[in-house]
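All of the numbers you see were taken from the coordinates with simple rules; none came from a lab. Given the structure is predicted, the values throughout are model-derived calculations rather than measurements. In this analysis, Cβ positions are derived from the backbone assuming ideal geometry, glycine residues included, and neighbour counts consider all displayed protein chains.
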Amino acid sequence: MNDLDNNLLNVINEDFSRENAAYNIRKDGVGIERNSTEDATIEPKKDKEGIDVYVKEGAEMAYVHIPVIITKGGFSDKVYNDFYIGKGANAIINAGCGIHNDVHADSSHNGIHRFFIEEGATVVYIEKHYGEGKGDGKKILDPVTEIHLKKNASLKMDTAQIKGVSSTIRTTKAFLEEGAKLEINEKIFTHEKQTAKTVFEVELNGNKSSAKISSRSVASENSHQDFISKVVGNSDCYAHVECDAIIKDKATVTSDPMIVANTVDASLVHEATIGKIAGEQLIKLMTLGLSKEKAEETIINGFLK
Amino acid sequence: MLEVKDISYVVDNKVVLDKVNLTIKPGLTVITGPNGAGKSTLSKVLMGIVKPTSGSIIYNGEDITNLSIDERAKKGFAFSFQTPVKFKGITVGDLITLSSFESESFISPYEILSDVGLCAKDYVNREIDSSLSGGELKRIEIASALVREAKVNIFDEPEAGIDLWSFDNLSDMFKKLKTKKDTISIIVSHQERIIDIASNIILIKQGKAQVVNSKKELSTIASKCNDCKGGC
């Protein structure tokens, strides 16, 4: 790995470590480094591009890193990764993709991730997306995440698109059984003429299952964002969806929430807020000596932290 | 010394401040008066949050009327809002650290939060949002101004939302500020106990300001209503 690779890796996964962790580093469509541990095994798929990750039943804490870096301009990559998390296991999985594109042609990466999380298992899933490069070729990322949570299993997903991604369609689907818990925190920043579309589809099928989805985004310059979510309550369940967007300059944002209660015991909440930075927030920070520009930066950085 | 010269503020043809002239010296100055009299507006004019229609503000001989909010902050002004501002993602610790950035002596978030009656470890990592109660937000707001160790401290109704139990701590803090050399502290307040500790009292009534020499004089003037003959 050269300096460029290491820099990209560091931006999308600053916690990356080869010690005590299972990992698979994919560069320009090829797995370049792979390691398994006692608790987590990574195997390449035989029928298509991608890997299968197995976390052992009862694993106390399995660390898995599966970063993807694309440094070739005009390169398209599609990968299928499946995660099988054993009963009662605990795992922290770091994914993410960084694209460096210095040429005219578009570069893209589509990561299709499926999680099969067995009874009582707990997963923290962290995913960061980032694009850079001097060329006018687009940096396109279209991740798909499918989550199956068995009884009392839980998944917390922190997903962030930091900057530089020209176009993205992020699709997340989740199916929750009894007592399962899902928490998703999404942060998106778009600028220039970028577009970002987020689609969440969550089905709460088991009693006492719950979902908390929070999307915070900043759309600046001429960018556009769409937030689409559909949460279906089929049981005695609880869900809270919050979409909060700051718009700047000539950016536009649409929020299209849908909550569907198929039983009287489903309790579902959706909150959506879109607006510019509150003037009172800017004034407060300016009373502390921050310039208007610095105050704005501080508010946005805090919002997307 | 802070001089307010012929300051007027007119909005929608309504005169909110009417040729206000004041000289504010180091010590504790309380600005009081009826609701809607223009007290908060005057405090915001001093900080640069509201731009006056006419008149000037002179600080230690320098005309600061056209200085922005942040430029006044850099000159040593601090402001505590009547209604605390909420943020998403910014924690109590972040705000206090930002606030103390330019203060001369370093005061830790832990120290200043305990000064306003909050157990710091329970608060530093909390976001300044609706999960905090009105009283908690108010104390954090006051702490964010106090930690700046400013030369001109302006508090807009600091007692609003503060429970009686904490009120003694609040007035103790103002007593301490009063003794600070070369420090001007201005408090917009209706509270008798804050007026009691003031070095100077300014009454704002219908946009006009007048210096009042004692609390007794304040009661006499305040009870007179200019709008009706029978008194009210």
| task | Fewest Cβ neighbours within 10 Å first, please rank B:PHE167, B:PHE155 accordingly. | result | B:PHE167, B:PHE155
| message | Checking the a/c ratio against 1.5 first, then a/b against b/c, what shape does the Cα gyration tensor give for the range A:224-290? | response | oblate
| request: Could you tell me which of the pairs A:LYS284/B:LYS205; B:LYS25/B:LYS88; A:LYS193/A:LYS230; A:LYS250/A:LYS305 are separated by over 30 angstrom between their Cα atoms in the structure shown? | output: B:LYS25/B:LYS88
| message | Given points 7 Å out from each Cα along the Cα-Cβ axis, report the A:GLU19 to B:LYS178 separation in nanometres with one decimal. | response | 5.9 nm
| query | So what are the three principal axis dimensions of the range B:110-192 from its Cα atoms, in whole Å, longest to shortest? | reply | 36, 25, 19
| request: Please report the base-10 log of the normalised intensity I(q)/I(0) for the range A:3-278, using a Debye sum with one equal scatterer per alpha carbon and no solvent, at each q in 0.07, 0.10, 0.15, 0.17 (1/Å). | output: -0.25, -0.51, -1.11, -1.33
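Give, in whole angstrom and from largest to smallest, the semi-axes √(5λ) of the equivalent ellipsoid of the protein assembly as shown, with λ running over the eigenvalues of the Cα gyration tensor. Kindly include the intermediate steps, with their values, before the conclusion.
On the way: eigenvalues 614, 126, 93 Å².
For the protein assembly as shown, the ellipsoid semi-axes come out as 55, 25, 22 Å.
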| note | Ordered by fewest other Cβ atoms within 10 Å, a rough proxy for footprinting exposure, B:THR65, A:THR190 read B:THR65, A:THR190
| task | For the range A:1-52, list log₁₀ I(q)/I(0) at each q in 0.31 Å⁻¹, using the Debye formula over Cα point scatterers of equal strength and ignoring solvent, two decimals each. | result | -1.26
| task | Would you pull out the residues with amide H under 5 Å of A:GLY131's amide H, same chain only if 5 or more places away, H placed 1.01 Å from N? | result | A:ILE99, A:LYS163, A:GLY164, A:VAL165
| query | Over the Cα atoms of chain B, what is the Rg over Rh ratio if Rh follows Kirkwood? | reply | 0.97
| field | Order of B:LEU177, B:LEU46, A:LEU204 under a 10 Å beta carbon neighbour criterion, fewest first | value | B:LEU177, B:LEU46, A:LEU204
